[in-house]
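J.: I have a structure I would like to understand better, so I am pasting it below and will then ask my questions one at a time.
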Amino acid sequence: MGVDDRHSGPFSGPTGWIEEIGFAAIALASCLGLYLKILLGRARLDMPAFAASLRQAGLSILPAITLVTASLGLILGHQIESILTELDLPGLVVLTLTYATVMELVPILVGILVAGRAGVALAVRQATLTVTGEMDGLLASGIHPVQFTAGPVLLAMLIMSFAFVVWGTLVTFFAAGAWLWTMAGISPALLFESLIRALSVGALIEALIKPLLFALLIALIATVNGTGAGRNPEGISRAATRTMIGAVSAILVMDLLYIVFLRV
């Protein structure tokens, strides 16, 4: 009796992790090639798919982004108020938490929310195409399956991740500032001064680059897991779960590596 290969995906062998890394590199090169062709006028972006991806990676999670960052701001405001009751160093405390919020907390939160919405959706879509055999149909029709599925989604995730970090940072500081102004008597001028002192041009660039790196990781992980779902319908849920866990882990590891090796 033969082995039912529907339960194992193309990356399931002992060297599966090497194959996953290689396929992720191929997927990235394919998407970059598509974008280059679009810029040169040799290809067209699938605008309906791109618009749907913008809604999926952006507008659909805007309420969640706003709620989470507003809650984060209120939590930070409360914690700063508690610290200031023990220490008479408001400027130093606000300066430290300002830096941590902009550089670490907001980009990571945005990355996790994008992974949970757009990343999982991309993995599920690609896994569904693989399970149902539609991926083979795309190949037979001469359509590059990675460019068809991941191309519009990756671009949308990059754009919306950038926008969400800016929006999330503004909402966080507005909420924290409102709390500290009303509950601790810290003026908005002190908060603004701390923000200017904490963030250099290089720090701002880093804070805006991080969500782009996170979005890239999420899209590649989703593409690998979706493509490797196999022929069994259970592979769809497995791809979604692996994408969420892998994306969150990759975001945290990438952030650590960025701090250790790139931050000066």
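J.: Ranked by accessible surface with a 1.4 Å probe, highest first, in what order do Asp46, Asp255 come?
T.: Output order, biggest surface exposure first: Asp46, Asp255.
J.: Related question: Could you order Val248, Val165 by accessible surface area, starting with the largest, using a probe radius of 1.4 Å?
T.: Val248, Val165
J.: Tell me the carbon and sulfur percent of the accessible area for region 166-258, rounded to whole percent, probe radius 1.4 Å. Please report the intermediate quantities before stating the final value.
T.: Details: 3450 of 4450 Å².
Carbon plus sulfur share of accessible area: 77 percent.
J.: Tell me, what ³J(HN,Hα) does each residue in region 188-197 have, in order and in whole Hz, if you take phi through Karplus 6.51 cos²θ - 1.76 cosθ + 1.60 with θ = phi - 60° and put x for Gly and Pro?
T.: Result, rounded to whole Hz: x, 4, 5, 5, 5, 4, 5, 5, 5, 5.
J.: Taking θ = phi - 60°, what integer Hz values does the Karplus form 6.51 cos²θ - 1.76 cosθ + 1.60 yield along region 148-156, in sequence order, with x for Gly and Pro?
T.: The phi angles translate into 5, 8, 8, x, x, 5, 4, 4, 5 Hz.
J.: Separate question: Could you give the accessible area per residue of region 152-215, probe 1.4 Å, as a whole number in Å²?
T.: 48
The values are calculated or read from the model by the stated rules, or taken from the named source; none is laboratory data. What you are looking at is a predicted structure, and each value in this text was computed from that prediction instead of being measured. Keep in mind that these areas ignore ligands, DNA and RNA; they rest on the heavy atoms of the full protein, side chains included. Shrake-Rupley method; radii C 1.70, N 1.55, O 1.52, S 1.80 Å.
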